[in-house]
Amino acid sequence: MVSNLNLKKIVVLGTGGTIAGTAASAADNIGYTAAQVGVAQLLAAVPGLPALLAGRDLVSEQVAQVDSKDMSFAIWGALAQRVSAHLAAPDVQAVVITHGTDTLEETAYFLQAVLPAAQINAKPVVLTAAMRPASSSAPDGPQNLLDAVAVALAPGAQGVVAVCAGSIHAALDVQKSHTYRIDAFNSGDAGPLGYVEEAELRLLRNWPVALTNKARVAIENIAFKAHWPRVEIVMNHAGGSSAVVDALLLPLPGVTPLRGLVVAATGNGTIHVDLEAALRRAQAQGVHVVRASRCANGRVLPAANAEFAHSAGLSPVKARIALMLALMAESPDAKKA
Ligand code: ASP
């Protein structure tokens, strides 16, 4: 597209996912291979996009091409670095990211936690995805992309959000809640941030603000030299035992020693007595233990005499990211944002 620096620019970063997936048959919505179609080609297949952009530039960049079940720290580092570089440009209005649905909530939380407040309190980062491959006879990707760009263009939009099936979700709250349906995301108790209806936004809540209470590590640290601390998730369940935690504490050749454990605890943070004993042993050895809940809704309410920290309302996967970033920030060579 012709560049015109007087106009604001929308940047779309591709990372793969089902939205870029293809199957042998247009009738096949599950037997596909994710991450096959480039982001520029996906954008070219969105009817109505030029009209919505109304003369603004659209720039695309392929940051990765993966099924998001295989999302890696290296891709996160590169993505954070590219998003931040684009947001810093005065002519960029917003960044849209195409992503797989499986770990979208983790990438969204990661970006909300690491991007500089000055950037995400001024411009939006909009993740979008699809449940059906690009080759489907009725793909959901093109509409989701169009909706994501509508959100990116909205006056006052800021923070990291996800757009899928006409709903806008904040990074902090969004979770994949369905394995198959096109409307696969929800925001739990918080509810969606709003809806996109024929490119018009109906907002229900305020735009997200940066997580200023979190210790942040500079993007270049994460992108180029971060050693991600090893934090694992264990789940509480009937017949729980100490075996998994004890095994995780054993040194393994070539495996970074365990620094943290997030427990996907039952209910309001309850833990089987045998698992709890193992967690106590882990904590005594210097491993950080955080209690989240395996319940899809609600939060672990802080108890005055609780032995283990709680996740401050974060789901187990997001609590793991928060703990990794906090441990990274503690490291002596971590450059702070
Ligand atoms: N496995 C795919 C992914 O997360 C699923 C999807 O995008 O819907 O990349």
Between A40 and D183, what is the spin-label point distance in nm, taking each point 7 Å from the Cα along the Cα→C-beta axis? 3.7
Put in order of increasing Cβ neighbours within 10 Å, starting from the fewest, E232, E106 give E232, E106
Starting from the Cα-Cα distance between Q285 and H227, subtract it from 0.36 nm times their residue separation and give me the gain in nm to one decimal. 18.8 nm
Could you give the nm distance between label points at D70 and A303, where each point is 7 Å from its Cα heading toward the beta carbon? 4.3
Provide the gained length on full extension for the span T33 to T212, in nm with one decimal, where the gain is 0.36 nm per separating residue minus the Cα-Cα distance. 60.6 nm
Once you order the gyration tensor axes a ≥ b ≥ c over the Cα atoms, which shape class does the range 223-337 get: rounded for a/c under 1.5, otherwise prolate or oblate by comparing a/b with b/c? oblate
Order of I30, I271, I97, I168 under a 10 Å beta carbon neighbour criterion, fewest first: I30, I271, I97, I168
Provide the FRET efficiency to the nearest 0.05 for the C295-T256 pair, computing r from the beta carbons and using R0 = 35 Å. 0.70
Restricting to DSSP loop positions (anything but H, G, I, E, B) with no more than 10 other Cβ atoms inside 10 Å of their own Cβ, which GluC sites (Glu not before Pro) remain in the range 115-205? E198
Least to most buried among R216, R291, R56 (fewest other Cβ within 10 Å first): R56, R216, R291
Cα centroid of the range 150-222 to Cα centroid of the range 1-74, whole Å: 18
For V66, which sequence-distant residues (separation of 5 or more, or a different chain) have an amide H within less than 5 Å of its own amide H, given hydrogens modelled in the peptide plane? G16, G17
Run the numbers for E330 and A54: contour at 0.36 nm per residue of separation, minus the present Cα-Cα distance, in nm. 94.7 nm
Hey, what's the Kirkwood Rh for the range 265-320 if you take every pair of different alpha carbons, in angstrom? 11.5
Nearest-0.05 FRET efficiency for A88 and A190, computed from C-beta distance (R0 25 Å): 0.25
With axes computed from alpha carbons, what is the tilt in degrees of helix 141-153 against the longest principal axis of the chain, rounded to the nearest 10 within 0 to 90? 90
Can you tell me which of V290, V160, V125 moves the most in a GNM of the chain? Springs connect C-alpha atoms under 10 Å apart. V290
Number of Lys pairs (Cα under 27 Å; 8 or more positions apart or on different chains) in the chain: 23
Spin-label pair M235/E200, simplified geometry with 7 Å Cα→Cβ offset, distance in nm: 4.3
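Antiparallel DSSP bridges in the chain: what percent, to the nearest 5? Intermediate results must be reported in sequence, preceding the final value.
On the way: 15 of 51 bridges.
Antiparallel bridges: around 30 percent, rounded to the nearest 5.
Quick note: the coordinates plus some simple rules give every number you see, no bench work behind them. Bear in mind that the values here come from a model prediction, so they are computed numbers and not experimental data. Note: ideal-geometry Cβ built from the backbone for every residue, glycine included; neighbour counts use all protein chains shown.
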